[in-house]
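What follows is calculated from the coordinates using simple rules that are stated; it is not laboratory data. Bear in mind that the values here come from a model prediction, so they are computed numbers and not experimental data. Glycine also receives a Cβ, built like all others from the backbone with ideal geometry; neighbour counts cover every protein chain displayed.
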Amino acid sequence: MIELETIRPFFEDKKELLAEILNRYPDYGRRSAVMPLLWEVQRSERHVSEARVEEIAGILGLHATEVKGVMSFYSTYHEQPLGKYHLQVCSTLSCSLAGSDQMYDWLVEELGIVNGETDRDGLFSLQKVECLGSCGTAPVLQVNDVYYERMTRSRCKEVLAALRRDELPEPWLERGGDNVSAEKAQIESES
Ligand code: FES
């Protein structure tokens, strides 16, 4: 007899969170909640499986294909699991001119994976992305939610070595005041 695996719904034990997200939108615009719902799943499970797509579609009264349509439009959502550390290399013009192509090639060599892949251990995944909105501090590497700016080969090596030790290093202070944790780190290192 085949035993069917049942997957517990993601939002089953997150009723408050679900209500908070849905309440951000009027009833007629409830479908807009698809983005934050997808994001909650993506952040927690590092991908959005078919079952989660169905669940979100059910919550919002959408077709699964509509949810998938949103997923395919944004580089944020993934059908396959990302690595624990998801490395995103900006490949748009400012970063490309400042050396992001070489940074990408170096990461490919170091990690043994290419754009869109996750390594066998599930530690790293690599993705080329469009402008990360920090063109003035190109080239930019984003690791999970952290921006590493004005990347050089030595900074890249430093970041990768730290990640391999399972440490997410503090970013450098590059944006003049809007990077609070980096600013704090710099002040502490100078005192
Ligand atoms: S071009 Fe890379 S952050 Fe804008």
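Okay, here's what the table says:
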{"read-out": "Residue within the range 4-23 that is part of a loop (DSSP other than H, G, I, E, B), among the aliphatic types (A, V, I, L, M) and buried (at least 17 other Cβ atoms within 10 Å of the Cβ) present", "value": "no"}
{"read-out": "Members of the range 61-117 found to be touching a residue at least 24 places away in the same chain (Cβ under 8 Å), more than 13 Å from the ligand (Cβ to nearest atom) and among the β-branched types (Val, Ile, Thr), listed by number", "value": "VAL67, VAL70, THR76"}
